[in-house]
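Following: one structure in structure tokens, then a few remarks.
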Amino acid sequence: MITISRDALGKSSQEFIRDVLIENLTDVQSPVRANSTWIFKSTEDETRIKGKLPRVYIEQASEDRTRLAPNVTGPIMITFDITIWDSGDSDVNYRDQVADEVIKVLASDTSTDGTNSLKSQHLYYESSTQSNEDALVEDVSLRIKRISINMHYRGW
């Protein structure tokens, strides 16, 4: 269980978002894997993931703190870059299905890490954008989708 605070927002929010996705995403691979084996806090070396796709990676891209007054910081905007990697026969469909599910989970303030909800951790979905960033690595076509999700942290 991770508790998010202003003092450790970068590390704790990234780990919390990972745990929320671990708790809520559905594996599209058969046989179904434990979510902790395909959802990660940061990107691995691509040669280690061959044949173990799809994979989801969460990185904190930015954190914007706004000062409202000399000793008052307003809500903090955090941007997470979430990438979904896939390859194979159903790669585009699986990649897009997982991407849609990621946005649905993080847009719901009732989504939890098994204990705490996004709302109880003061994280609120603001907006998201998606882009395809497909690549060819060692003659393997990787279907990669990047989702940038903006969230407000309103914990005081």
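The values are calculated or read from the model by the stated rules, or taken from the named source; none is laboratory data. Being a predicted model, the structure only gives us computed values, none of them experimental. Note: ideal-geometry Cβ built from the backbone for every residue, glycine included; neighbour counts use all protein chains shown.
Numbers below:
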quantity	calculated
Condition broken by residue 49, with the remaining ones in (1) at pLDDT 85 or above; (2) crowded, with 19+ Cβ neighbours inside 10 Å satisfied	(1)
Residues within segment 66-88 that are exposed (fewer than 14 other Cβ atoms within 10 Å of the Cβ) and among the hydroxyl-bearing types (Ser, Thr, Tyr), tallied	2
Pair list, Cβ < 8 Å and 6+ apart or interchain, from segment 110-130 residues that are touching a residue at least 40 places away in the same chain (Cβ under 8 Å) and within 16 Å of residue 75 (Cβ to Cβ) to residues that are assigned to a strand (DSSP E or B) and aromatic (Phe, Trp, Tyr)	118/124; 118/125; 122/153; 123/153
Residue list for segment 71-96, filter: assigned to a strand (DSSP E or B) and either on the phi > 0 side of the Ramachandran plot or touching a residue at least 60 places away in the same chain (Cβ under 8 Å) (or both)	73, 75, 76, 77, 78, 79, 80, 81, 82, 83, 84
